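For reference, the structure discussed in these notes is given below.
The values are calculated or read from the model by the stated rules, or taken from the named source; none is laboratory data. Just so you know, these numbers come straight off a predicted model, no measurement behind them. Here the Cβ positions follow ideal geometry from the backbone for every residue, glycine too, while neighbour counts run over all protein chains shown. Just the protein is used for accessible areas: all its heavy atoms, side chains included, with ligands, DNA and RNA removed. Shrake-Rupley method; radii C 1.70, N 1.55, O 1.52, S 1.80 Å.
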Amino acid sequence: MKDQLRLLRDCITNYIPAVVFQGDDSCAPEILEAAMDIYRKHGCSEEFLYDWQQLINEVKAYQTECPDRVKLPKLSATEKELVREDMIKNALRR
């Protein structure tokens, strides 16, 4: 499987938008499976799809082994406030 940390660092270093799904996110397996269907539909290679399936399997194994850690993600109070401010600012632009 690809080095996930290296990929994230490359994105940060090169200012490339990135999305991170943690293994304890209860929605992660479903999101990753939906992404796999989309990648397959758009013609990704079998090697890519195999690697992606390995990631899905790893997340599912983690969630099975650590069910007490699995939860629906939430924003912190500070993050909520920043998002609220952004929502208000963007609503005013319309």
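Run the quick spin-label model on A61 and V19: label points 7 Å from Cα toward the beta carbon, then report their separation in nm to one decimal.
2.5 nm
Skip the ligands, DNA and RNA, and give the accessible area per residue of the chain with a 1.4 Å probe, whole Å².
Per-residue value: 83 Å².
Once a ≥ b ≥ c are taken as the square roots of the eigenvalues of the Cα gyration tensor of region 40-94, is the result rounded (a/c under 1.5), prolate (a/b larger than b/c) or oblate (a/b not larger than b/c)?
Working: a/c = 5.66, a/b = 1.57, b/c = 3.60.
Verdict is oblate for region 40-94.
Report the trypsin sites (Lys or Arg not before Pro) located in region 51-84 that are in a DSSP loop and have at most 10 other Cβ atoms inside 10 Å of their Cβ, or state none.
Sparse-neighbourhood loop trypsin sites (Lys or Arg not before Pro): K74.
Could you pull out every one of the lysines with an alpha carbon less than 24 Å from that of K41, ignoring same-chain neighbours closer than 8 positions?
K2, K60
Given the DSSP H assignment, sum -39500 (n - 2.57) over each helix run of at least 4 residues in the chain and divide by its residue total; what's the result at 222 nm in deg cm²/dmol, nearest 500? Spell out each step's value before the answer.
Details: 4 runs with 61 residues, N = 94.
Rounded to the nearest 500, the figure is -21500 deg cm²/dmol.
Once neighbouring chains are kept in place and the probe is 1.4 Å, which whole percent of the accessible area of region 41-94 is contributed by carbon and sulfur?
56 percent
Under 27 Å Cα-Cα from K80, which lysines qualify once same-chain neighbours fewer than 8 residues away are excluded?
Cα-Cα hits under 27 Å: K71, K89.
Using 0.36 nm per residue, how much length does the chain from C11 to E85 gain when fully extended, once their Cα-Cα distance is taken away?
Numbers: separation 74, 0.36 × 74 = 26.64 nm, distance 2.60 nm.
That works out to 24.0 nm of additional length.
Ratio of the chain's C-alpha Rg to 2.2 N^0.38 Å, to two decimals?
It is 1.35.
Among residues other than Q63 whose Cβ falls under 14 Å from its Cβ, what is the net charge (Lys/Arg +1, Asp/Glu -1)? Intermediate results must be reported in sequence, preceding the final value.
On the way: positive: K60, R69, K71; negative: D24, D25, E30, E33, E58, E65, D68.
Computed value for this residue: -4.
For region 1-91, which chymotrypsin sites (Phe, Trp or Tyr not before Pro) pass both filters: DSSP loop (anything but H, G, I, E, B) and at most 13 other C-beta atoms within 10 Å? Let's see the in-between values first.
Values: sites: Y15, F21, Y39, F48, Y50, W52, Y62; in loops: Y15, F21.
Answer in residue order: Y15.
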